[in-house]
Amino acid sequence: MPTERKPESHRLPRTVVPIRYDLRIEPDLSSGVFAGEETIEVTVREPVKEIVLNAAELWIQEVAIRSHEGGTCHGIVAPDRGEERARLLFQDTLRPGPWQLSLKFNGSLSDKLRGFYRSTVKRSPATDPSPPAGGSEEPGTGVLAVTQFEATDARRAFPCWDEPDLKAVFQVTLIVEEGLTAISNARVVGEDRLPGTGKKAVRFAPTIKMPTYLVAFVVGQLESTPETRVGGTPIRIWCVPGKTHLTGFAQQVAAFSLGFFEDYYGMPYPGDKLDLIAIPDFAFGAMENLGAITFRETALLVDERAATHAERERVADVVAHEIAHMWFGDLVTMAWWNGLWLNEAFATFMEMLAVDAWKPEWERWVSFGVSRAAALQVDGLAASRPIEFEVVAPKDAEAMFDVLTYEKGGAVLRMLEQYLGPPRFRDGVRRYLADHQFGNAETTDLWRALGETAGQPIPAVMDDWIFRPGYPMVTIRGDPGGRTLWFSQRRFTYLPGEASVPELWQVPITFRVRTPGGSTSLRLLLSASEQRVDLPEPADCVVANEGGYGFYRVRYAADLLEKLLERPLDLLTPMERFNLVNDGWAATLAGLDPIGAYLDLTSRFREETDPNVWTVLLGSFASLHRVILPGDRRLLENLVRDRLGPAVARLGWDPRPGERDLLRQLRGDVLRGLGTLGNDAAVQMEARDRYARYRDDPSATDPNVVAALIAILAHSGEEGEYTEFLGRFKTAPTPQEEQRYLYALAGFRQAGLLRRTLDLTVSGEVRTQDAPYLVRSLLMNVQARELAWQFVKEHWDSMERRYPQGAFRKMCEGVTALATPELEADVREFFGARDVWLGGRTLEQYLEQLRVAVAFREREAANLTTYLSRF
Ligand SMILES: [Zn+2]
């Protein structure tokens, strides 16, 4: 018997569904409006007198529907603004079958970097003296009209069924001024001049079946690279005029990635061309619109010779990530927004795989450790969340764009891949894509495909990691004879938890035991709270989480740790050393180990050569700077100099010929650490000299060192440096250089200069895509944080109104650095007095991180004073 289902208020009715959209959109860049017409082939599934679809901030003027037999019905519109819907009401009943729905509508280009929006191009008069054809308010600027639809903003550009499972074919025509370029998802099939209007109609081929959130239009003055072809697919990189010399690197990554994924997925690229487009104002990093991927400029355009390793790695990562989505997300799409995590986690995992294959010497899976560590940090909070949770309203999914989705999700997939073996994992992915191409799928569909190819019950292992928050800390102890090990698990949290029942995971553990005869890798699926392992011969030493892929922390019994540290540390892989430091620091923050033990541990890493291990060490020193009593700051600087000094002495200031990229990066990182956290006067003086030389001859200094020089000069500099950096921010020739100088403005120490930086965040001189991150940097700077917090409180409403939503949320993360009892109390009072929703449990997570830091200070400040007094 059919059961009556309550209509889900957040889902559109399925009585009428779209098959194909013919869209004609005419943006007017100078007046900031657009007009549109669409004809949508729909299937009416049961007799209806109304059609409900999504529309927001659109004015729908004409509604008509034509039946297969030719009869036309006109309709009227009843907008439902709260639900972002329009009800189209007809006098006659529409019979089941195929119909053609035609609508005419108008809208405005947004300034919030979402929907169909405006991006402004700064033009340097030297490179482009001609007035922009795109229309402009001020001389020297041009305008682009760009779309950003994920998650639910397609409805701001055209009335549509704006849900990911209502996939359809899109055939787009853009009416634009003759001098402008128009890009959409598919290739151009025709351009018709419209006589007397100065305009042209650019017609694009029909797309594959895809969801609305992937539709894209980009209109403006743009230049591109020549096509390169991979298989049959032409690839081009697009940018605003004058920047094509920054596209070569992305073009190489894109070409490699496309071939890599076609091979890995065992399936050709699903689009008919691939455009990668740099947009001057962009809320996120990039967006995987099928065939028309949009990027913020720093994630696509780069001068390979002038960029740091980290800056190049970012471009490679983001390009590979978005291209990975062309299959995973675009060809096979999540059925609803609860599946967003899988979409993003998988693209993150594939991004690592592709970049690692492209540049093995970058050791991308080792630097992924930094991302995994960031996820372990948030997931160690009581206010964490499961990777996948029920999403009722699409807005519930907004909080999914976070470290738990991308980094925990990616790390958990890597753990599964290593557990199953990479070829089996790949075969399961191929099967999943083949089974669901052009359609939609759920997380369970991937598990099923992987389980079938691997012959293993995947959900039983994975559900713990996906549907529950947190992760275990695995403790290892052994018998004195070295013949037996006990592995136990409990949830790791920074603050004492109150879980009444023990929470258990199925933990795939790989560990290595070293015996007099050699070393052996062993596996264990830890599912009980404690499990015993008998070893074939007595072990001298045990390394748990071998290779470092597991998403858990390790804690060794004291005797096992001692045995591990007795040996040269380079017997451990970089990832294993990374985890040793990272887990040690977490245990200290959680109050499981005293601060002295951690600081002793750091003394063993003076000879460390891996930049990622140094990232954890430097991160912990920066955290200590935020909690330390002001009177002890000098002593902490002495400790930092003691730890970093040998590395800087060894590496020097200048790269040696043929040196690997990672060592160059390391040099920049430790110099910066010594000049800022270590406040080293000699390094600061040398940095000033070297910056002067760099100004005379930019090619003479390694870019990793240049970035360090700028940070050191900001930390130790004054008005002169500030003016220099502000000027260079405004005239920077590359997106990366612009960012370096911009963020350096948050690194000064004088109140007057910091106030000037704060003013920039609301004056319009810094793009809203960057301003929230600049505010976050100011909150994170110990010398700036009180001023910055005061400023944020005063400008809260206008910041919330102006900044893109996701970036505003990231800005608020800065409060985690306000780690004094007085500031914490003030932060709590501020948020307690107003209704702030940052998505999901984001705000709770920030407040808990702040509590962890302040609790650490209360617990350890005196011990820290004692420990540091010897420096
Ligand atoms: Zn993505």
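The values are calculated or read from the model by the stated rules, or taken from the named source; none is laboratory data. As the structure is a prediction and not an experimental result, all values here were calculated from the model. Backbone-built Cβ (ideal geometry, glycine too); neighbour counts: all protein chains shown. The accessibility values were calculated without ligands, DNA or RNA, using every heavy atom of the protein model including side chains. Shrake-Rupley method; radii C 1.70, N 1.55, O 1.52, S 1.80 Å.
Need one number: nm distance between label points at A335 and E844, each 7 Å from Cα along Cα→Cβ, rounded to one decimal.
Label-label distance for A335 and E844, simple model: 2.8 nm.
Under a 1.4 angstrom probe, counting protein chains only, how are R305, R695 ranked by accessible area, largest first?
Largest accessible area first, the residues go R305, R695.
Stick to Cα atoms and the Kirkwood definition of Rh, then tell me Rg/Rh for the chain.
Numbers: Rg = 28.2 Å, Rh = 29.0 Å.
Here Rg/Rh amounts to 0.97.
For K122, go through the lysines and keep the ones whose alpha-carbon is under 29 Å away, minus same-chain ones fewer than eight residues off.
Partners found: K112, K199, K200, K243, K273, K730, K810.
Using Cα positions and a limit of under 13 Å, work out the aspartates and glutamates in reach of K793, with same-chain residues fewer than 8 apart set aside.
D826, E829
I'd like to check one number: the per residue accessible area of the range 328-467, probe 1.4 Å, reported in Å² as a whole number. Before the final figure, lay out the partial values.
Numbers: 4060 Å² over 140 residues.
Here the residues of the range 328-467 average 29 Å² of exposed surface.
Out of the total accessible area of the range 737-859 (probe 1.4 Å, heavy atoms of protein only), what percent is carbon and sulfur? Spell out each step's value before the answer.
Values: 2130 of 4690 Å².
So the carbon and sulfur contribution to the accessible surface is 46 percent.
Rounded, prolate or oblate for the range 222-327? Axes are the square roots of the Cα gyration tensor eigenvalues, ordered a ≥ b ≥ c, and the cut-off for rounded is a/c under 1.5. Mind showing how you got there, number by number?
Numbers: a/c = 1.57, a/b = 1.45, b/c = 1.08.
Prolate, because a/c is 1.5 or more and a/b exceeds b/c.
Over the range 594-716, with the other protein chains present, what is the accessible area per residue in square angstrom, probe 1.4 angstrom? Please report the intermediate quantities before stating the final value.
Values: 4530 Å² over 123 residues.
I get 37 Å² per residue for this part.
Considering only DSSP states other than H, G, I, E and B, which trypsin sites (Lys or Arg not before Pro) in the range 37-83 qualify as loop sites with at most 11 other Cβ atoms within 10 Å? Don't skip to the answer; put the middle values down first.
Working: sites: R45, K49, R66, R81; in loops: R45, R81.
Counting only loop positions with at most 11 other Cβ atoms within 10 Å, the trypsin sites (Lys or Arg not before Pro) in the range 37-83 are R81.
Would you work out what percent of the accessible area of the range 294-340, with all protein chains in place, is carbon or sulfur (probe 1.4 Å)?
Numbers: 400 of 860 Å².
Carbon-and-sulfur percentage of accessible area, whole number: 47.
Mind giving me the FRET efficiency for Q750 and R695? R0 is 25 Å, r the Cβ-Cβ distance, nearest 0.05 is fine.
Once rounded, the FRET efficiency stands at 0.65.
At 1.4 Å probe size, with the rest of the protein present, what percent of the exposed accessible area of the range 422-531 is carbon and sulfur atoms? Don't jump to the answer; show the numbers that get you there.
Working: 2610 of 5050 Å².
In the range 422-531, the share of accessible area belonging to carbon and sulfur is 52 percent.
Going from most exposed to least, what order do K104, K273, K359 have by accessible area with a 1.4 Å probe?
Listed by decreasing accessible area, they come as K104, K359, K273.
Helix-only estimate, please: 222 nm mean residue ellipticity of the chain, summing -39500 (n - 2.57) across DSSP H runs of length 4 or more and dividing by its residues, to the nearest 500.
Numbers: 24 runs with 345 residues, N = 871.
Calculated mean residue ellipticity at 222 nm is -13000 deg cm²/dmol.
Report the percentage of all Cα-Cα pairs in the range 594-716 whose separation exceeds 17 Å, rounded to a whole percent. Display every interim value, and only then the final one.
On the way: 4128 of 7503 pairs.
Tail of the P(r) past 17 Å holds 55 percent of the pairs.
With a probe of 1.4 Å, find how much accessible area the range 737-859 has per residue, and write the answer as a whole number in Å². Don't skip to the end; give the middle numbers.
Numbers: 4690 Å² over 123 residues.
Ligands and nucleic acids excluded, the result is 38 Å² per residue.
Note the angle between two axes, namely the Cα long axis of helix 751-763 and the longest principal axis of the Cα atoms of the chain, as a number of degrees from 0 to 90, rounded to the nearest 10.
Between the helix axis and the principal axis of the chain, the angle is about 20 degrees.
Using the Cα centre of the chain as origin and beta-carbon charges of +1 (Lys, Arg) and -1 (Asp, Glu), tell me which of G71, G518, M334 is placed farthest towards the positive end of the dipole.
Among G71, G518, M334, the one farthest towards the positive end of the dipole of the chain is G518.
Expressed as a whole number of Å, what is the distance separating the alpha-carbon centroids of the range 509-588 and the range 16-68?
What the calculation gives is 60 Å, centre to centre.
Can you give me the relative contact order of the chain as a percent, contacts being Cα pairs under 8 Å and 6 or more apart? Each step should come with its number before you reach the end.
Values: 1667 pairs, mean separation 69.9, N = 871.
For the chain, the relative contact order is 8 percent.
Any chance you could look up the accessible area of H436 with a 1.4 Å probe, heavy atoms only, rounded to 10 Å²?
Roll a 1.4 Å probe over it and H436 shows about 40 Å².
Could you state the angle between the C-alpha long axis of helix 785-802 and the longest principal axis of the C-alpha atoms of the chain, as a value from 0 to 90 degrees rounded to the nearest 10?
Result, in degrees: 10.
Report the full-extension gain for the segment Q456 to R656: residue separation times 0.36 nm, less the Cα-Cα distance, to one decimal in nm. Show your work: numbers first, answer last.
On the way: separation 200, 0.36 × 200 = 72.00 nm, distance 4.98 nm.
Extra length available between Q456 and R656 comes to 67.0 nm.
Treating the angle as unsigned and between 0 and 90°, give the value, to the nearest 10°, between the Cα long axis of helix 458-467 and the longest Cα principal axis of the chain.
Around 90 degrees separate the two axes.
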